[in-house]
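Encoded as structure tokens, the structure appears first; notes follow it.
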Amino acid sequence: MENSLSLFRTVQVMAFDVDGVMTDGKLLVTDSGDLLRTMHIRDGYALQLAVNKGFRVMAISGARSDGVAQRLRQLGMNQVFMGVRDKGAYLSGILHQEMINASGLLYMGDDLPDLPALKLAGVPVCPSDAAPQVKSCCKYISPFQGGAGCVRDVIEKVLRLHGLWEEG
């Protein structure tokens, strides 16, 4: 893991897993079988700001959730991919199709299905409560847990290093 935050200077595209990164990974199951998640409002603010500042920001989730997809689209994200089984292959296809250099890709994941995407990204990052195998391949580990500000943490670093963070 690199100590220097200079690695965030290269970031042009940001991709995030959903469960365990944008959420705390817990699911509330209703009697009707609906699965409910919580998302941190500060992560949402940072996602929206990054999109508004011209960054390509995407979500890649193995799960399917219309509510999550709707929330992320409300934040301005137009690349929300749900039900993705092989995140590495899927992300590789996007990079190839859109001619994006992997060295400028930040990917944040927390668990084993994220490993292929993390290994593809030039800037692999994770929340503090990620699986040990994920932590071992990341260049930065956020001090924040999934669903508790880790997305905001990395987006704020990227935007600050590009001179684009707004100080309210």
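Quick notes on this one:
- Residue check, residue 130 in contact with an Asp or Glu (Cβ under 7 Å, 6 or more places away or on another chain), surrounded by fewer than 17 Cβ atoms within 10 Å (Cβ to Cβ) and either on the phi > 0 side of the Ramachandran plot or among the aliphatic types (A, V, I, L, M) (or both): no
- Qualifying residues in the range 133-152 (those that are part of a loop (DSSP other than H, G, I, E, B) and polar (S, T, N, Q)) - the one farthest from residue 24 (Cα to Cα): 136
- Considering the range 133-168, the residues that are in contact with a helix residue (DSSP H, G or I) (Cβ under 8 Å, 6 or more places away or on another chain) and of a type in the set (Asp, Glu) include one that is surrounded by the fewest Cβ atoms within 10 Å (Cβ to Cβ), namely 166.
Residue-by-condition table, conditions (1) farther than 28 Å from residue 98 by Cβ; (2) buried (at least 16 other Cβ atoms within 10 Å of the Cβ); (3) of a type in the set (A, V, I, L, M):
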site: 5; (1), (2), (3): no, no, yes
site: 19; (1), (2), (3): no, yes, no
site: 25; (1), (2), (3): yes, yes, no
site: 30; (1), (2), (3): yes, no, no
site: 33; (1), (2), (3): yes, no, no
site: 41; (1), (2), (3): yes, no, yes
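- Filter result for residue 61 (of a type in the set (Gly, Ala, Ser), within 22 Å of residue 11 (Cβ to Cβ), in contact with a helix residue (DSSP H, G or I) (Cβ under 8 Å, 6 or more places away or on another chain) and surrounded by fewer than 17 Cβ atoms within 10 Å (Cβ to Cβ)): no
Yes or no, residue by residue, for (1) touching a strand residue (DSSP E or B) at 6+ places or on another chain (Cβ under 8 Å); (2) farther than 15 Å from residue 73 by Cβ:
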residue: 9; (1), (2): no, yes
residue: 15; (1), (2): yes, yes
residue: 28; (1), (2): yes, yes
residue: 37; (1), (2): yes, yes
residue: 41; (1), (2): no, yes
residue: 48; (1), (2): no, no
residue: 52; (1), (2): no, no
residue: 55; (1), (2): yes, yes
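- Subset of the range 6-45 (residues that are of a type in the set (Val, Ile, Thr) and in a helix (DSSP H, G or I)): 10, 41
The numbers here are math on the coordinates, done by the rules we state, and not lab data. Here the structure is a predicted model, which means the values were calculated and not measured. Counting neighbours? That spans all protein chains shown, and the Cβs are built from the backbone with ideal geometry, glycine included.
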